[in-house]
Amino acid sequence: MSAVLANAETIRFEVDAGVAVLTLNRPDRLNSFNDQMHAEVRAALEQVRLGRAEGAIRVLLITGAGRGFCAGQDLSDRSVAAGGEAPDLGASVEKNYKPLVMTLRALDLPVICAVNGVAAGAGANLALACDMVFAARSASFIQAFCKLGLIPDTGGTWILPRLLGPARAMGLALLGDKVSAEQAEAWGLIWKCVDDEALLPTVKALAAQLAQGPTFGYAQTKKAIWASSTQIGRASCRERV
């Protein structure tokens, strides 16, 4: 595979046969986000957008290096960067996490996530914002926001009730319970749970299959499904009028 962002330090980004692989690469911090990672992920997603326009990229695969997928925001790093001041998490959501989710949704190609370990807080909702989510059997999902007195960001308050219904979404948001990969599959939170050693081979095989398929059709299907809840609401309003 050929590296596209050769100077990146917090991610790996490679493209081969129409499949772009974006690997979060801060394994010593469970791939938690700092400002540098946000910037490098934005640059990678811009490469995906340009590659899609040129026909060179047809599928995006996101995963993590090491034993975790993503632990969300690296709060300690932000505190150091801010000179010891308390981090402004609201500003980070507006500047970084909201645009990240919106960009993933707007990409007119399939976005697949391979959750290789713990996905917590913003890391969990980043995974759930992808079009299809596979998880290793040892992986888990945690809505850790309540432990910090926060609400689920990175699209969590929109994504969770649509995947799980309001009862389970509320329980996870208020309690922050860990959900195993097997439970996540049973609840419909993710597409599939697979054995750890089979995760990347399974997801890469699927990505290769999708890269050979009708990408325009996939993009329109993705757009219609993600917009369906809003469309239904509008239709209901018209019918009542």
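Which whole-Hz couplings ³J(HN,Hα) result when phi for each residue of the stretch 12-25 is put into the Karplus expression 6.51 cos²θ - 1.76 cosθ + 1.60, θ = phi - 60°, listed in order with x for Gly and Pro?
The phi angles translate into 10, 9, 9, 10, 8, 6, x, 10, 9, 10, 10, 10, 5, 9 Hz.
Roll a 1.4 Å probe over the protein heavy atoms and report the accessible area of Trp158 in Å², nearest 10.
Counting only protein heavy atoms, Trp158 exposes about 80 Å² to solvent.
How long are the three semi-axes of the equivalent ellipsoid for the chain, computed from the Cα gyration tensor as the root of 5 times each eigenvalue, in whole Å, largest first?
Value: 25, 24, 19 Å, ordered largest first.
Which of the three applies to the stretch 6-131, rounded, prolate or oblate, going by the alpha-carbon gyration tensor with a ≥ b ≥ c and a/c under 1.5 meaning rounded? Kindly include the intermediate steps, with their values, before the conclusion.
Values: a/c = 1.83, a/b = 1.63, b/c = 1.12.
It is prolate, given that a/c is not under 1.5 and a/b is the larger ratio.
Just want to confirm a number: the relative contact order over the stretch 123-241, from Cα pairs under 8 angstrom separated by 6+ residues, in percent.
Once normalised by length, the contact order is 31 percent.
At 1.4 Å probe size, what's the solvent-accessible area of Glu54? Round to the nearest 10 Å².
It works out to around 150 Å².
Within the stretch 118-160, which residues have the backbone N less than 20 Å from the label spot 7 Å out from Ala186 along Cα→beta-carbon, could you tell me?
Counting only backbone N, you get 118-119, 133-143.
With the cut-off at 1.5 for a/c, could you classify the stretch 142-236 from its C-alpha gyration tensor as rounded, prolate or oblate?
Working: a/c = 2.47, a/b = 1.20, b/c = 2.05.
Taking the square roots of the gyration eigenvalues as a ≥ b ≥ c, the stretch 142-236 is oblate.
Anything in the chain that counts as a DSSP H helix reaching 15 Å or more along its axis (C-alpha) with Kyte-Doolittle mean of at least -1.0? List them, would you?
Correct list, ordered by number: 35-54, 199-211, 215-240.
Heavy-atom accessible area of Asp196 with all protein chains present, probe 1.4 Å, nearest 10 Å²?
70
Please work out how much length the chain gains when fully extended from Ala43 to Gln212, using 0.36 nm per residue of separation minus the C-alpha to C-alpha distance, in nm with one decimal.
My answer for the length gained is 58.3 nm.
Taking all protein chains together and a probe of 1.4 Å, list Glu94, Glu40 from the most accessible to the least accessible. It would help to have the intermediate numbers written out before the result.
Details: Glu94 115, Glu40 25 Å².
Reading off the accessible areas and sorting them downward yields Glu94, Glu40.
Is the stretch 71-174 best put as rounded, prolate or oblate by its Cα gyration tensor, with a ≥ b ≥ c the root eigenvalues, rounded for a/c under 1.5, and otherwise prolate when a/b is larger than b/c, oblate when not?
It is prolate, given that a/c is not under 1.5 and a/b is the larger ratio.
Rank-order 206-213, 19-26, 136-143 by packing density, defined as the average count of other C-beta atoms within 10 Å over each peptide's residues, highest first.
Working: 206-213: 16.6, 19-26: 23.4, 136-143: 21.9.
Output ranking for 206-213, 19-26, 136-143: 19-26, 136-143, 206-213.
The values are calculated or read from the model by the stated rules, or taken from the named source; none is laboratory data. Quick caveat, the model's predicted, so the values are computed rather than measured. Methodologically, a virtual Cβ is constructed for each residue, glycine included, from the backbone with ideal geometry; neighbour enumeration extends over all protein chains shown. Note: areas computed on protein heavy atoms with side chains; ligands, DNA, RNA excluded. Shrake-Rupley method; radii C 1.70, N 1.55, O 1.52, S 1.80 Å.
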